[in-house]
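Novice: One structure follows; several queries about it will come next.
Rule-based calculations on the coordinates, nothing more; no lab input. Remember, predicted model here, so these are calculated numbers, not experimental data. In this analysis, Cβ positions are derived from the backbone assuming ideal geometry, glycine residues included, and neighbour counts consider all displayed protein chains.
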Ligand SMILES: [Zn+2]
């Protein structure tokens with residue numbers, strides 16, 4: 001109640017000031033009501049932060065042994081699978097179905113880059129048991145390809161999250177596609193950027209390095225507007241990394257996912273490049289190759 005009175009008093013005071021200050025009453029009066037509720041809704045935030053802070057600190061204490069100094073900074077990247085929609089030569093759904101069988105057999109835990117970001121120690125404490133699944137080339141403006149819908153259903157059935165690489169070209173967001181992203185994001189899946197126009201950033205760097213920022217940042221902004229979460233992960237079109245990651249850091253990315261290299265990453269760095277593997281001849285062969293490459 002006291003707050004309300006204080007507010008009315010403030011409004012009265014403002015009105016008074018406006019009367020005495022002729023010339024700009026309309027604009028100031030129009031701004032005042034929007035400013036006050038904003039302050040009001042902002043008020044509970046510090047309270048919730050203050051209650052959550054001690055909880056976070058207390059749960060942090062047991063994991064204090066996993067402080068950056070206690071753990072190696074250079075970490076093994078979890079084996080990461082790169083998938084795309086099915087095509088005439090490749091049945092991605094069947095491939096994933098079989099890979100899920102292998103993941104279950106080996107009792108692996110499927111995580112996302114965001115999971116690692118939220119709990120960085122797991123790449124040490126659970127090294128050798130983690131697995132990441134990515135699906136590229138999903139367009140924000142179109143209905144999802146049937147095979148991608150089927151892959152998502154298989155993963156949901158298995159209880160595994162995946163990282164989805166989204167291309168955001170154009171201004172339109174297809175409502176059903178957005179709804180699926182939101183639902184999956186709520187279930188712990190990661191919605192990652194695959195740039196705005198699926199441009200090869202390595203090539204772009206040679207012509208116009210500064211355009212890289214727009215190509216990436218536009219996609220982050222569009223995904224955030226549609227889904228409500230700004231991605232922290234970029235999946236590089238054609239796997240092409242840039243030589244100078246300045247523009248990617250400027251876009252405030254954390255994970256940058258290519259294909260070559262990146263079997264290890266230095267967790268102390270601001271921007272983390274990691275690699276991954278596409279399907280080989282058979283699922284078993286793909287898995288064996290990943291075991292060798294990522295050393296798990
Ligand atoms: Zn792609």
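Novice: For the range 129-150, which residues satisfy the criterion of being away from the ligand (no atom under 16 Å from the Cβ), assigned to a loop (DSSP other than H, G, I, E, B) and closer than 13 Å to residue 180 by Cα?
Specialist: Passing the criteria: only 143.
Novice: Spot the failing condition for residue 213; the list is (1) touching a residue at least 24 places away in the same chain (Cβ under 8 Å); (2) closer than 29 Å to residue 97 by Cα; (3) away from the ligand (no atom under 16 Å from the Cβ), and only one is missed.
Specialist: Of (1) touching a residue at least 24 places away in the same chain (Cβ under 8 Å); (2) closer than 29 Å to residue 97 by Cα; (3) away from the ligand (no atom under 16 Å from the Cβ), only one is false for residue 213: (2).
Novice: What residue, among those in the range 216-242 that are in contact with a strand residue (DSSP E or B) (Cβ under 8 Å, 6 or more places away or on another chain) and away from the ligand (no atom under 16 Å from the Cβ), is farthest from residue 180 (Cα to Cα)?
Specialist: Within the range 216-242, the match that is farthest from residue 180 (Cα to Cα) is 232.
Novice: What's the number of the only condition in (1) part of a helix (DSSP H, G or I); (2) more than 21 Å from residue 184 (Cα to Cα); (3) touching a residue at least 60 places away in the same chain (Cβ under 8 Å) that residue 124 fails to meet?
Specialist: That leaves (3) as the condition not met.
Novice: Select the helices (runs of 4 or more DSSP H) contained entirely in the range 196-296, then report the ones holding at least 3 residues which are under 22 Å from residue 130 (Cα atoms).
Specialist: The helices (runs of 4 or more DSSP H) meeting that bar are 283-294.
Novice: I would also like to ask the following. Could you count how many residues in the range 151-169 are surrounded by 14 or more Cβ atoms within 10 Å (Cβ to Cβ) and more than 16 Å from the ligand (Cβ to nearest atom)?
Specialist: Step one: list which residues in the range 151-169 are surrounded by 14 or more Cβ atoms within 10 Å (Cβ to Cβ), which gives 151-152, 154-156, 158, 160-169.
When the remaining residues are screened for being more than 16 Å from the ligand (Cβ to nearest atom), the result is 152, 154-156, 158, 160-161.
Number satisfying all stated conditions: 7.
Novice: Does residue 260 fit the bill of being over 18 Å from residue 209 (Cα atoms) and touching a helix residue (DSSP H, G or I) at 6+ places or on another chain (Cβ under 7 Å)?
Specialist: Spelling it out, residue 260 is indeed over 18 Å from residue 209 (Cα atoms) and touching a helix residue (DSSP H, G or I) at 6+ places or on another chain (Cβ under 7 Å).
Novice: Give me the residue from the range 196-219 that is farther than 29 Å from residue 158 by Cβ and under 16 Å from the mean Cα position of the chain (by Cα) and, out of that set, surrounded by the fewest Cβ atoms within 10 Å (Cβ to Cβ).
Specialist: 218
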